[in-house]
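The values are calculated or read from the model by the stated rules, or taken from the named source; none is laboratory data. Just so it is clear, the model here is predicted, and its values are computed rather than measured. Cβ atoms come from the backbone with ideal geometry, glycine included; neighbour counts cover every protein chain shown. Keep in mind that these areas ignore ligands, DNA and RNA; they rest on the heavy atoms of the full protein, side chains included. Shrake-Rupley method; radii C 1.70, N 1.55, O 1.52, S 1.80 Å.
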Amino acid sequence: MARATFNGVVLAESDETISIEGVDYFPPDTVRHEHLEATQTRTACPWRGVATYYTVRVGDKEDRDAAFAYMRPKRKARRMAGYVAFWKSEDVETEGTI
């Protein structure tokens, strides 16, 4: 079971994550979206498409761009549509990931 936590709160938990290039993506229905707020940050991947980034917020603590998802991925990556990854954050902890 993979789990992502922030400020003592479970953000996502699943045994059906997708692991791509060392990053684990959680299925959309296993993520507590009330703790995510979209930012203006976007990045592009040649085969996945454009990633949307989110600030993770729990209580008065936040971590900008600590989560991202490909909402409309390119055809080769369509199975990961809406899946959420947490990365490059010192505050969001992941465990049990693939």
Could you please find all residues in the range 26-44 being out of contact with any Leu (no Cβ under 9 Å at 6 or more places or on another chain) and open to solvent by 20 Å² or more (accessible area, probe 1.4 Å)? PRO28, ASP29, THR30, HIS33, GLU34, GLU37, ALA38, GLN40, THR41, ARG42, THR43, ALA44
Would you mind stating whether THR55 is open to solvent by less than 20 Å² (accessible area, probe 1.4 Å) and over 12 Å from the mean Cα position of the chain (by Cα)? no
Within the range 58-75, the residues that are of a type in the set (D, E, K, R) and surrounded by fewer than 18 Cβ atoms within 10 Å (Cβ to Cβ) are ASP60, LYS61, GLU62, ARG64, ASP65, ARG72, LYS74, ARG75
Check the range 69-81 and report whether any residue there is at positive phi, within 12 Å of the chain's Cα centre (by Cα) and not basic (Lys, Arg). no
